[in-house]
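Take a look at the structure below.
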Amino acid sequence: SPFMTAIRRVAPAVVNIDTTARRQPSVFDGFFGDVFGEPGQQEDVPSGQGSGVIIDGAQGLVLTNHHVINGASRITVSLPDKQTFEAKVLGSDPASDLALLKIDGNNLPEAKIASGDTPPIGSWVVAIGNPYGFKNTVTVGVISALGRTLKSPSGTILQNMVQTDTAINPGNSGGPLCDLKGEVIALNTAIISEAQGIGFATPAATIRWAVGEIRSYGRVRHPWPGFYVRDISRRLAERLGLPSAEGALIVQVDQGSPAARAKFDAGDVIVQIDGRAVQESDDVVAAFLEARVG
């Protein structure tokens, strides 16, 4: 089958990620501890499961979602060949929902991040991950749409996402979405739980940028303009004497910020950024999320 090449290349590098979180002893633990002679102690409890993909086998670098490892006190990475490692977080970015981990293995299998643009709508793709703990599950579908915007599990707005009808379930998060050559074109990130056949993945272009930032700076640097915007309602547009409700209204400017230096004021309306029309406040957020520092 045309999918076998992709699966053979990528599957060995797809890992299972188990996390534990620190549980604080409750007041009852303390009470029963006093009574029965065992003090209430902090303990690690299982907190989640997801997928990841090794993108550098020599250095042991594992890519996954920020929300898979967020808040974890301990992260365990298991490979398909049964090797298990404890991972440390090199950097994690809620805005792109990506995290880069390091494990102490060498000569590990690795998958290649695609270097070009996302393949066109209708292209075949393969998702590999560990949904509901079923290790190394393969599902197949097509790219349904490009450039989607949605909210991540942590509430940040994810830009420029790839939409696919490939079956993606909880636990697939952080696993790769590949083309038929076996290159990672996106990282599976989110599902809409009520929907069938609607999954989202972070594209390779975002991955390449975020991984580069984490490797260089230990974090992803996002531009900070220092102003806050909201949507304009029809009523507000009439009150402000605007020709339409399109654009984003600046409601606050931080003192000493780049926006303040550029003479932005509360009450100003942004209608265009870099030649692109601004319909609503999300468009402004999107422009600054895509912008690079400097």
Check your understanding: Just checking, how many residues over the stretch 68-117 are part of a loop (DSSP other than H, G, I, E, B), touching a helix residue (DSSP H, G or I) at 6+ places or on another chain (Cβ under 9 Å), surrounded by fewer than 22 Cβ atoms within 10 Å (Cβ to Cβ) and of a type outside the set (A, V, I, L, M)?
Key -> 8
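If a residue has to be open to solvent by 90 Å² or more (accessible area, probe 1.4 Å), at pLDDT 85 or above and in a loop (DSSP other than H, G, I, E, B) to count, how many in the stretch 211-234 make the cut? Write out each step before concluding.
Taking the stretch 211-234 and keeping what is open to solvent by 90 Å² or more (accessible area, probe 1.4 Å), we get 215, 217, 219, 224, 228, 230, 234.
After this cut, where a residue has to be at pLDDT 85 or above as well, the list is 215, 217, 219, 234.
Among the residues that remain, those that are also in a loop (DSSP other than H, G, I, E, B) are: 219.
The number of residues fulfilling the criteria is 1.
Yes or no: ASP282 under 16 Å from LEU158 (Cα atoms) and not β-branched (Val, Ile, Thr)? Talk me through it step by step, then tell me what you get.
Values: under 16 Å from LEU158 (Cα atoms): yes; not β-branched (Val, Ile, Thr): yes.
In short, yes.
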Study note, to complete from the structure: Given the conditions (1) free of Cβ contacts under 8 Å to residues at least 60 places away in the same chain; (2) open to solvent by 70 Å² or more (accessible area, probe 1.4 Å), every one holds for LEU249 apart from (2)
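If you check ALA237, ALA260, ALA201, which single one turns out to be part of a strand (DSSP E or B) and among the small types (Gly, Ala, Ser)?
Details: ALA237 fails: part of a strand (DSSP E or B); ALA260 fails: part of a strand (DSSP E or B).
After ruling out the rest, the residue left standing is ALA201.
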Point to revise | Unmet requirement for VAL138, which otherwise passes all of (1) modelled with pLDDT of 90 or more; (2) in a loop (DSSP other than H, G, I, E, B) | key: (2)
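The values are calculated or read from the model by the stated rules, or taken from the named source; none is laboratory data. Note that the structure is a prediction, hence the values are computed from the model and not measured. Every residue, glycine as well, gets a Cβ built from its backbone with ideal geometry; the counts of neighbours run over all protein chains shown. Areas reflect the complete protein model, heavy atoms only, side chains present, ligands, DNA and RNA absent. Shrake-Rupley method; radii C 1.70, N 1.55, O 1.52, S 1.80 Å.
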